[in-house]
Amino acid sequence: MYDVILFDLDGTLTDSGLGITNSVAYSLKKYGIEVADRTELYKFIGPPLKESFEQYYGFSPDEAAKAVVYYREYYVDKGIFENTVYDGIEELLWRIRDSGKMAVVATSKPEIFAKRILKHFGLEKYFAYIVGANMDETRTKKDEVISYVLQNCNIPEHSRILMVGDREYDILGAKKMELDSLGVLFGYGDYEELKNAGATYIAESVRDIYPVIFES
C-alpha cells in the first residue's frame with residue numbers, strides 16, 4: 001500500500017477555476033486581449049503560469065513575466081479565494097491522516113499562496129508538508145516540486161509514494177521521478193490526457209481514490 005500521498009492543489013483538492021481564469025482574464029486585458037469564453041482559459045490551470053502565457057498567447061519571456069505580475073494583482077486578494085474544496089476531499093484527507101499515512105501538497109502554484117488557501121479552508125492540518133513554486137518563478141515544474149519533496153521532506157526510506165493530480169503535468173512529473181500516479185477526472189484534465197500521459201490509475205470521483213490508497 002502507498003505510505004506517502006502527494007497531492008496537486010488546483011483541480012485536485014480545490015476547484016480553483018473561477019479565481020484563476022478571472023486572474024488570467026484580468027492580466028490579458030492589460031494587453032488588450034478579451035476572452036469571451038472562460039473555458040478557453042482552463043488550460044492555465046495546472047502548468048507554470050509564465051510558460052502558459054508564452055505558449056498560448058505568444059508572449060516573450062519579458063511580456064510573460066509582466067503578465068504574471070498583472071495576474072497576481074487580481075489573484076493575491078480576490079482570485080485566491082474564488083475557490084471551493086471538492087466534495088469528499090476533507091474526509092479523504094482525514095482518513096489518510098487517521099491511517100498513519102503521510103499527505104503532502106506538491107503544487108506548481110507559489111507555495112505562499114498554497115499555504116494561504118489551505119489555511120483558509122482549514123485543510124493545512126492534514127498535510128505534513130506543503131510544497132510549491134517560489135515567487136520568482138523557480139521550482140515551477142512538477143518534477144522539480146516532487147524532487148524537492150523527496151529530498152527535503154523527511155520521507156521515510158523505502159516508502160511507496162503516489163502522486164495525485166488532474167493534469168498531464170502531474171502524471172509526467174511523477175513518471176520523471178519514477179513514482180506511480182493517479183489522475184482524477186473531477187478536475188481540469190480529461191481521460192485521454194491522463195491516459196496518454198501514462199497515469200498508473202485514473203479515478204472518476206473522490207470515492208474512487210480510496211481503493212488505490214488503502215487497498216493497493
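The values are calculated or read from the model by the stated rules, or taken from the named source; none is laboratory data. Since the model is a prediction, treat every value here as computed from it, not as a measurement. Heads up, the Cβs are rebuilt from the backbone with ideal geometry, glycines too, and the neighbour counts pull from every protein chain shown. The accessibility values were calculated without ligands, DNA or RNA, using every heavy atom of the protein model including side chains. Shrake-Rupley method; radii C 1.70, N 1.55, O 1.52, S 1.80 Å.
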Scope region 74-101; condition closer than 18 Å to Gly11 by Cα, open to solvent by less than 30 Å² (accessible area, probe 1.4 Å) and part of a helix (DSSP H, G or I); matching residues: Tyr75, Gly79, Ile80, Ile89, Leu92, Leu93
Looking only at region 185-211, and only at residues there that are closer than 13 Å to Tyr2 by Cβ and touching an Asp or Glu at 6+ places or on another chain (Cβ under 9 Å), the one that is surrounded by the fewest Cβ atoms within 10 Å (Cβ to Cβ): Thr200
Any hit, region 4-23, residues being open to solvent by 10 Å² or more (accessible area, probe 1.4 Å), closer than 30 Å to Thr200 by Cα and β-branched (Val, Ile, Thr): no
Leu179, sole failed condition from (1) open to solvent by less than 20 Å² (accessible area, probe 1.4 Å); (2) in contact (Cβ under 8 Å) with a residue 60 or more places away in the chain; (3) more than 14 Å from the chain's Cα centre (by Cα): (1)
Subset of region 1-47 [of a type outside the set (Gly, Ala, Ser), within 13 Å of the chain's Cα centre (by Cα) and outside any helix (DSSP H, G or I)]: Leu6, Phe7, Asp8, Leu9, Asp10, Thr12, Leu13, Thr14, Asp15, Ile45, Pro47
Unique match (being closer than 21 Å to Tyr169 by Cα, at pLDDT below 95 and hydrophobic (A, V, I, L, M, F, W, C)) among Ile45, Ile5: Ile45
Residue in region 129-136 that is at positive phi and open to solvent by 40 Å² or more (accessible area, probe 1.4 Å) present: no
Only one of Lys142, Lys109 that is touching a strand residue (DSSP E or B) at 6+ places or on another chain (Cβ under 8 Å) and within 19 Å of Glu73 (Cβ to Cβ): Lys109
Test result for Glu54, assigned to a helix (DSSP H, G or I), within 24 Å of Glu168 (Cα to Cα), modelled with pLDDT of 95 or more and more than 19 Å from the chain's Cα centre (by Cα): yes
Subset of region 67-85 [under 19 Å from Lys119 (Cα atoms) and either of a type in the set (Ser, Thr, Tyr) or in contact with a Phe, Trp or Tyr (Cβ under 7 Å, 6 or more places away or on another chain) (or both)]: Tyr75, Ile80, Thr84, Val85
Any hit, region 25-36, residues being charged (D, E, K, R), under 25 Å from Phe186 (Cα atoms) and touching a Phe, Trp or Tyr at 6+ places or on another chain (Cβ under 8 Å): no
All helices (runs of 4 or more DSSP H) inside region 137-216 with 2 or more residues being among the polar types (S, T, N, Q): 142-152
